[in-house]
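Read the structure below first, then the notes.
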Amino acid sequence: MNALAIDFTPVWLTLRLALTSTAILLIIGTPVAWWLARTSSFCKLPVESIVALPLVLPPTVLGFYLLIALAPTGPLGRVWHAISGGSLAFSFSGLVIGSVLYSLPFVVQPLQNAFEAIGERPLKVAAMLGAGPVDRFFTVALPLARRGLVTAITLGFAHTVGEFGVVLMIGGNIPGKTQVLSISIYDHVEALEYGRAHVLSAGLLAFSFLVLFVVHLTNRRLQARGL
Amino acid sequence: MSDIDAHLVLRRGEFVLDATFQTPARGITALFGPSGCGKSTLLHCIAGLEPAVRGTLRVNDELWQDSELHVFVPAHRRRVGYVFQDAGMLAHLSVRGNLEYGMRRARRARSGPAFAQTVEWAGIGPLLGRRVQGLSGGERSRVAMACALLTDPVMLLMDEPLAALDARSRAEMLPYLERLHSELSIPVLYVSHAIDEVARLADHLISLEPGRVVACGALREMLTRLDLPFARSDEAAAILDAVVTGYDEQFQLALLAFPGGRLAIPQRRLPAGTAVRVRILARDVSLSLAHHHDTSILNIFPARVLDITEDRPAQAVVRLDAAGAVFLARVTRRSVHSLGLKPDAEIYAQIKSVALLR
């Protein structure tokens, strides 16, 4: 076998995982960020701390607890089994849950900062122009938070692409099912297949650079247009 | 019963705003008071932007708020046009985008001509494609005003629309505000801390002190009430409404008539029949018992003393009535005594100078 014949399945799997997780992160993260940006409830600090936990916890700790929760006897695993008849641990769905939790702060924090930066004024202006709360959110808050949204999407996506520890703990390493890019690279290195590890690593490096470059470029464009 | 009837209470930390007032729902009502007395906050409460406010608010028989009945019409359903102090607009939209944002959400779909008319009125046609950040202070105010008008509001709230402008933009804006007054059928609540602005624009006046309403009523009456600070200040003045009756070609004087007599003032020619508003400062009015003809003063007419307050060690303010027109004279206490001035005394008022406000 050619030393550089590479199985690209982990790449597609990683992309699929990152896209799915980012979409779910946006759906969950945006309302959470909006609420955190505007509430003065005493629940704000605890929720902020919980959202930020993945930033400080070793991925293995998060992965360990997730493994317990997702196991067929764990709380999440049991519910999932009752609904779908399948198992969460060592499955793609399990990976999505893990990724969403692990990347949550990377989506919520930039969005929350962006929403906070808007302030009350534009929303009051919009209310005086006849816009109701939902209308204001979609036609004023989201467009004004565009830069935060771009940052949140990129960070959420890139962080999911690059995750390793959590995936290893809850996904195992099942080729074609839960073997993602970072784990595949680890395997190649373990097997001393440095050539293959190089190709995948360099690809990931280039990809990451490109993503960050595009984000910064977009943000600068938006800034130049006063957004 | 087309009135604005408010009893609003707002507690915010140490500051308590407790405002009770009633004002006709027509013309311009000025909310006047020193900085920090709660004028802007009161305007926010009326607009529904202050969820913590308690009390009742009724506008044109419509109940907007009644805390006892748990009625609180949300801000976007009150249909008020609001011009914020900094002429706040939506930064992510162009000037046209801002104008259309409110227009699309108006009660009645506004027609194309309404848009064109308002744009023309505010003189903002050339600005439509611009981003709002690039506008000058005066342009910004005019766009904000047009935005507010295009929402087809039942009432217009303006929070010191001139405060953020330099003297030149301010002079540019005043005519727009005056036209607003003559062309608009909806009531305007206008926050200001500049009494000259109020004298020029307003019909009614709500006078605020920190946290509360001191008095409210018709502008002319409020400015001449001896129990309020306006009449006692150095700038104390009366506002009179007059009509242009002619023009003295030889001496270039505009001739005006008001209920109590005639006035001749140095002015450019104005069309006869024009309604004007003039201001007579209390310190420009002197009193005499006889009608002197050997004087340089042009404007002299008979008046009756209404009341007198000796508010300063050496000075007094006399409130006068000239056939229904009420005005003030700032004189010395000695003069009050030597002329024997007391309520109902008949005297002659000599007006040294008259300012045309509009």
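The single condition among (1) surrounded by fewer than 22 Cβ atoms within 10 Å (Cβ to Cβ); (2) away from chain A (no Cβ under 12 Å); (3) on the phi < 0 side of the Ramachandran plot that B:P74 does not meet is (2). B:T56 - would you say it is of a type outside the set (K, R) and within 14 Å of chain A (Cβ to nearest Cβ)? The answer is no for B:T56. Checked against (1) under 20 Å from B:L149 (Cβ atoms); (2) away from chain A (no Cβ under 14 Å); (3) of a type in the set (F, W, Y), B:F21 passes all but condition (1). Need a quick list: strands (runs of 3 or more DSSP E) entirely within segment B:165-245 having at least 1 residues that are in contact with a Cys (Cβ under 6 Å, 6 or more places away or on another chain) and over 16 Å from B:I280 (Cβ atoms). Output list reads B:204-209.
Taking each residue of segment A:139-151 that is at the interface with chain B (Cβ under 10 Å from one of its Cβ atoms) and looking for partners that are not hydroxyl-bearing (S, T, Y) and not in a helix (DSSP H, G or I) with beta-carbon atoms closer than 6 Å, six or more apart or interchain, yields A:P143/B:H92; A:L144/B:H92; A:R146/A:L227.
Just checking: which of the strands (runs of 3 or more DSSP E) contained wholly in segment B:33-106 hold 3 or more residues that are closer than 24 Å to A:L142 by Cα?
Of the strands (runs of 3 or more DSSP E) lying wholly inside segment B:33-106, those with at least 3 residues that are closer than 24 Å to A:L142 by Cα span B:80-83.
Number of residues in segment A:107-138 that are more than 8 Å from every other protein chain (Cβ to nearest Cβ), within 22 Å of B:A106 (Cα to Cα) and among the β-branched types (V, I, T): the value is 1. Number of residues in segment B:81-98 that are within 26 Å of the chain's Cα centre (by Cα) and at pLDDT 90 or above equals 5. Could you please give the count of residues in segment B:257-267 that are touching a residue at least 40 places away in the same chain (Cβ under 8 Å) and either assigned to a strand (DSSP E or B) or among the β-branched types (V, I, T) (or both)? The qualifying residues number 4.
Test of understanding: among A:P105, A:P46, A:P31, A:P10, which residue is surrounded by 15 or more Cβ atoms within 10 Å (Cβ to Cβ), modelled with pLDDT of 90 or more and either part of a helix (DSSP H, G or I) or aliphatic (A, V, I, L, M) (or both)?
Values: A:P46 fails: surrounded by 15 or more Cβ atoms within 10 Å (Cβ to Cβ); A:P31 fails: surrounded by 15 or more Cβ atoms within 10 Å (Cβ to Cβ); A:P10 fails: modelled with pLDDT of 90 or more.
Going through A:P105, A:P46, A:P31, A:P10 in turn, just one is surrounded by 15 or more Cβ atoms within 10 Å (Cβ to Cβ), modelled with pLDDT of 90 or more and either part of a helix (DSSP H, G or I) or aliphatic (A, V, I, L, M) (or both): A:P105.
Residues considered: B:L127, B:L63, B:L43. Of these, the only one that is closer than 29 Å to B:S2 by Cα, more than 13 Å from chain A (Cβ to nearest Cβ) and among the aliphatic types (A, V, I, L, M) is B:L63.
Quick check, is A:F90 outside any helix (DSSP H, G or I) and either at pLDDT below 90 or at positive phi (or both)? Don't jump to the end; show me each part of the working.
Working: outside any helix (DSSP H, G or I): yes; either at pLDDT below 90 or at positive phi (or both): yes.
Taking the combined requirement at face value, the residue satisfies it.
The values are calculated or read from the model by the stated rules, or taken from the named source; none is laboratory data. Small disclaimer: the values here were computed from a predicted structure and weren't measured. Ideal geometry is used to build each Cβ from the backbone, glycine not excepted, and the neighbour counts take in all protein chains shown.
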